[in-house]
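In what follows, a structure is listed as C-alpha coordinates, so that the remarks can point back to it.
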Amino acid sequence: MIKKISALLLFSFLCMHVFAQNTDNSNDQIDFSNNDYQADTTQPRLHHYFVGGNFLAGFGNGGGSFGINPSIGYSINQYVDVGVGFNGIYSYQKFYTGEKYRTWNLGIAPFARVYPVNFLFFEASFEENFVTSRTINQDGSKQPRQNYIAPSLIGSIGYATRIYGQSSFFFSVGMDFLNNINSPYRDHYLDNNGVLRSSVQPVIKTGFNINLW
(Lines give C-alpha, C1' and ligand atoms only; values in the text may rest on other atoms or scores of the structure.)
Protein backbone atom coordinates (compact mmCIF):
# COMPACT_ATOMS: atom_id res chain seq x y z
CA MET A 1 0.00 0.00 0.00
CA ILE A 2 2.77 2.41 0.93
CA LYS A 3 4.47 1.78 -2.43
CA LYS A 4 1.29 2.76 -4.25
CA ILE A 5 0.88 5.92 -2.16
CA SER A 6 4.52 6.93 -2.64
CA ALA A 7 4.39 6.29 -6.39
CA LEU A 8 1.23 8.38 -6.67
CA LEU A 9 2.81 11.26 -4.77
CA LEU A 10 6.00 11.19 -6.82
CA PHE A 11 3.99 11.03 -10.05
CA SER A 12 1.95 14.00 -8.89
CA PHE A 13 5.09 16.02 -8.14
CA LEU A 14 6.40 15.34 -11.65
CA CYS A 15 3.09 16.23 -13.30
CA MET A 16 2.46 19.43 -11.37
CA HIS A 17 4.28 22.33 -13.06
CA VAL A 18 3.47 25.87 -12.08
CA PHE A 19 3.91 28.75 -14.50
CA ALA A 20 4.03 32.39 -13.49
CA GLN A 21 0.98 34.13 -14.96
CA ASN A 22 1.65 37.23 -16.99
CA THR A 23 -1.13 39.60 -17.91
CA ASP A 24 -1.06 40.42 -21.64
CA ASN A 25 -2.45 43.72 -22.88
CA SER A 26 -2.35 44.24 -26.63
CA ASN A 27 -2.83 47.98 -26.23
CA ASP A 28 0.30 48.47 -24.13
CA GLN A 29 3.71 48.39 -25.75
CA ILE A 30 6.97 48.15 -23.81
CA ASP A 31 10.00 49.82 -25.32
CA PHE A 32 12.84 47.43 -24.39
CA SER A 33 15.31 49.82 -26.02
CA ASN A 34 14.73 52.16 -23.11
CA ASN A 35 17.45 51.40 -20.56
CA ASP A 36 15.36 52.96 -17.84
CA TYR A 37 12.85 50.08 -18.04
CA GLN A 38 12.87 47.84 -14.96
CA ALA A 39 10.76 44.79 -14.16
CA ASP A 40 8.21 45.10 -11.40
CA THR A 41 9.66 43.33 -8.36
CA THR A 42 7.25 44.68 -5.77
CA GLN A 43 5.33 41.38 -5.63
CA PRO A 44 7.19 38.42 -4.08
CA ARG A 45 7.39 35.32 -6.27
CA LEU A 46 5.46 32.31 -5.01
CA HIS A 47 7.32 28.99 -4.82
CA HIS A 48 4.98 26.02 -4.52
CA TYR A 49 7.49 23.20 -4.06
CA PHE A 50 9.34 23.01 -0.77
CA VAL A 51 11.87 20.92 1.09
CA GLY A 52 12.04 20.77 4.84
CA GLY A 53 12.55 18.71 7.90
CA ASN A 54 11.94 18.49 11.56
CA PHE A 55 13.22 17.03 14.78
CA LEU A 56 10.78 14.95 16.80
CA ALA A 57 10.69 13.72 20.35
CA GLY A 58 8.35 11.71 22.54
CA PHE A 59 8.58 10.95 26.24
CA GLY A 60 6.90 8.33 28.39
CA ASN A 61 7.30 6.38 31.62
CA GLY A 62 10.96 5.37 31.65
CA GLY A 63 11.58 5.88 27.97
CA GLY A 64 11.32 8.09 24.93
CA SER A 65 11.90 8.59 21.22
CA PHE A 66 14.09 10.96 19.19
CA GLY A 67 14.38 11.33 15.45
CA ILE A 68 14.70 13.38 12.27
CA ASN A 69 12.20 13.71 9.44
CA PRO A 70 13.35 15.26 6.12
CA SER A 71 10.54 15.92 3.65
CA ILE A 72 9.56 17.27 0.25
CA GLY A 73 6.18 18.78 -0.52
CA TYR A 74 3.91 20.96 -2.61
CA SER A 75 1.72 23.89 -1.53
CA ILE A 76 -1.56 23.39 -3.40
CA ASN A 77 -2.88 26.74 -2.22
CA GLN A 78 -2.77 28.97 0.86
CA TYR A 79 -4.73 26.39 2.85
CA VAL A 80 -3.26 22.98 1.96
CA ASP A 81 0.23 21.41 1.75
CA VAL A 82 0.91 17.80 0.75
CA GLY A 83 4.15 15.85 0.65
CA VAL A 84 6.14 12.84 1.76
CA GLY A 85 8.59 12.54 4.63
CA PHE A 86 11.29 10.05 5.59
CA ASN A 87 11.89 9.02 9.20
CA GLY A 88 14.89 8.00 11.23
CA ILE A 89 13.91 7.34 14.87
CA TYR A 90 15.65 5.90 17.93
CA SER A 91 13.53 4.73 20.88
CA TYR A 92 14.49 3.42 24.29
CA GLN A 93 12.65 1.95 27.27
CA LYS A 94 13.68 0.68 30.70
CA PHE A 95 11.35 -1.71 32.52
CA TYR A 96 10.87 -2.16 36.27
CA THR A 97 12.51 -5.60 35.97
CA GLY A 98 15.76 -3.93 34.91
CA GLU A 99 15.49 -4.99 31.27
CA LYS A 100 16.04 -2.42 28.53
CA TYR A 101 14.35 -2.16 25.14
CA ARG A 102 16.09 -0.42 22.20
CA THR A 103 14.53 0.28 18.82
CA TRP A 104 15.74 1.75 15.51
CA ASN A 105 13.13 2.81 12.99
CA LEU A 106 13.29 3.86 9.32
CA GLY A 107 10.08 4.91 7.62
CA ILE A 108 8.28 6.71 4.83
CA ALA A 109 5.34 9.00 5.57
CA PRO A 110 2.98 10.75 3.12
CA PHE A 111 1.36 13.74 4.85
CA ALA A 112 -1.18 16.53 4.40
CA ARG A 113 -1.43 19.81 6.31
CA VAL A 114 -4.48 22.05 6.41
CA TYR A 115 -4.17 25.70 7.47
CA PRO A 116 -7.55 27.17 8.51
CA VAL A 117 -5.56 30.32 9.40
CA ASN A 118 -1.95 31.28 8.62
CA PHE A 119 -0.52 30.40 12.04
CA LEU A 120 -2.53 27.22 12.83
CA PHE A 121 -2.50 23.86 11.03
CA PHE A 122 -3.76 20.31 11.34
CA GLU A 123 -1.63 17.46 9.99
CA ALA A 124 -2.35 13.83 9.15
CA SER A 125 0.52 11.49 8.30
CA PHE A 126 0.43 7.78 7.49
CA GLU A 127 3.74 6.07 8.20
CA GLU A 128 5.12 2.68 7.27
CA ASN A 129 7.86 1.96 9.80
CA PHE A 130 10.61 -0.62 9.30
CA VAL A 131 11.72 -1.46 12.83
CA THR A 132 14.71 -3.25 14.34
CA SER A 133 14.54 -3.89 18.09
CA ARG A 134 16.59 -5.61 20.76
CA THR A 135 16.03 -6.40 24.44
CA ILE A 136 18.94 -6.10 26.88
CA ASN A 137 18.62 -8.35 29.92
CA GLN A 138 19.18 -7.23 33.49
CA ASP A 139 22.67 -8.82 33.49
CA GLY A 140 23.64 -6.89 30.34
CA SER A 141 23.33 -9.80 27.90
CA LYS A 142 21.52 -9.06 24.63
CA GLN A 143 18.70 -11.02 23.06
CA PRO A 144 18.60 -11.58 19.26
CA ARG A 145 17.43 -8.66 17.14
CA GLN A 146 13.86 -8.61 15.89
CA ASN A 147 12.76 -7.03 12.60
CA TYR A 148 9.19 -6.10 11.74
CA ILE A 149 6.97 -3.53 10.00
CA ALA A 150 4.66 -1.26 12.01
CA PRO A 151 2.19 1.27 10.52
CA SER A 152 1.34 4.53 12.31
CA LEU A 153 -1.30 7.19 11.74
CA ILE A 154 -0.13 10.48 13.28
CA GLY A 155 -2.63 13.26 13.88
CA SER A 156 -1.19 16.62 14.98
CA ILE A 157 -2.06 20.23 15.66
CA GLY A 158 0.59 22.90 15.29
CA TYR A 159 1.69 26.51 15.12
CA ALA A 160 3.48 27.90 12.05
CA THR A 161 5.03 31.18 10.91
CA ARG A 162 3.78 30.52 7.39
CA ILE A 163 3.46 32.87 4.42
CA TYR A 164 2.01 31.09 1.41
CA GLY A 165 4.68 30.41 -1.21
CA GLN A 166 7.55 31.29 1.13
CA SER A 167 9.56 29.57 3.86
CA SER A 168 8.13 28.74 7.27
CA PHE A 169 8.87 27.41 10.75
CA PHE A 170 6.50 25.14 12.68
CA PHE A 171 5.90 23.39 16.00
CA SER A 172 3.33 20.62 16.53
CA VAL A 173 2.06 18.08 19.05
CA GLY A 174 0.32 14.88 18.03
CA MET A 175 -0.23 11.18 18.72
CA ASP A 176 -0.39 7.82 16.95
CA PHE A 177 -4.02 6.78 16.50
CA LEU A 178 -3.23 3.17 15.48
CA ASN A 179 -3.07 0.65 18.32
CA ASN A 180 0.06 -1.15 17.11
CA ILE A 181 2.34 -2.30 19.92
CA ASN A 182 5.41 -2.07 17.65
CA SER A 183 4.91 1.61 16.82
CA PRO A 184 7.94 3.79 17.70
CA TYR A 185 5.48 6.37 19.07
CA ARG A 186 4.15 4.20 21.89
CA ASP A 187 5.40 3.79 25.46
CA HIS A 188 6.29 0.12 26.08
CA TYR A 189 5.99 -1.48 29.52
CA LEU A 190 5.60 -4.85 31.23
CA ASP A 191 2.34 -5.57 33.04
CA ASN A 192 2.12 -7.47 36.32
CA ASN A 193 2.29 -10.77 34.43
CA GLY A 194 5.45 -9.77 32.57
CA VAL A 195 3.63 -9.29 29.25
CA LEU A 196 4.93 -6.50 26.99
CA ARG A 197 2.28 -3.83 26.40
CA SER A 198 2.22 -0.24 25.14
CA SER A 199 0.40 3.05 25.66
CA VAL A 200 0.10 6.30 23.71
CA GLN A 201 2.83 8.92 24.10
CA PRO A 202 2.86 12.46 22.65
CA VAL A 203 4.72 13.12 19.41
CA ILE A 204 6.37 16.56 19.45
CA LYS A 205 7.84 18.00 16.26
CA THR A 206 9.62 21.24 15.42
CA GLY A 207 11.05 22.06 12.02
CA PHE A 208 11.04 24.23 8.91
CA ASN A 209 10.04 24.33 5.24
CA ILE A 210 12.02 26.15 2.54
CA ASN A 211 10.10 26.95 -0.67
CA LEU A 212 12.59 26.65 -3.54
CA TRP A 213 10.68 26.48 -6.81
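Observations on the model:
- Taking 13 Å as the cut-off, the amide N atoms of the stretch 96-136 that come nearer than this to a point 7 Å along the Cα-to-beta-carbon line of residue 90 belong to 102-105.
- Label zone at residue 190 (point 7 Å along Cα-to-Cβ), backbone N below 18 Å, the stretch 50-70: 61-64
- Whether the stretch 117-170 is rounded, prolate or oblate, judged on the alpha carbon gyration tensor where a/c under 1.5 counts as rounded: prolate
- Of the whole protein surface, residue 80 contributes about 40 Å² of accessible area at a 1.4 Å probe radius.
- Order by protection proxy (mean Cβ within 10 Å, highest first), peptides 130-139, 169-178: 169-178, 130-139
- Integer Hz, Karplus 6.51/-1.76/1.60 couplings in order for the stretch 68-80, x for Gly and Pro: 10, 8, x, 8, 9, x, 9, 8, 5, 7, 6, 10, 9
- For the stretch 86-98, backbone phi angles converted through the Karplus equation (6.51, -1.76, 1.60; θ = phi - 60°) give residue-by-residue couplings of 10, 10, x, 10, 10, 10, 9, 8, 10, 8, 5, 7, x Hz, Gly and Pro being listed as x.
- Label point distance in nm, residue 47-residue 79, each placed 7 Å from Cα along Cα→Cβ: 2.6 nm
- Assigned charges on the beta-carbon of Lys, Arg, Asp, Glu; the stretch 57-213 dipole about Cα centre (debye): 280 debye
- With a cut-off of 9 Å between beta carbons, the residues surrounding residue 174 carry a summed charge of -1, where Lys and Arg count +1 and Asp and Glu -1.
- Residue 159 exposes around 120 Å² of accessible area when a 1.4 Å probe is run over every protein chain in place.
- With all protein chains kept in place, the per residue accessible area of the stretch 41-119 amounts to 49 square angstrom at a probe of 1.4 angstrom.
The values are calculated or read from the model by the stated rules, or taken from the named source; none is laboratory data. A quick note: this is a predicted structure, and the numbers were derived from the prediction, not measured. All Cβ positions, even for glycine, are placed from backbone atoms using ideal geometry, and neighbour counts span all protein chains on display. These accessible areas exclude ligands, DNA and RNA; they are computed on the full protein's heavy atoms, side chains included. Shrake-Rupley method; radii C 1.70, N 1.55, O 1.52, S 1.80 Å.
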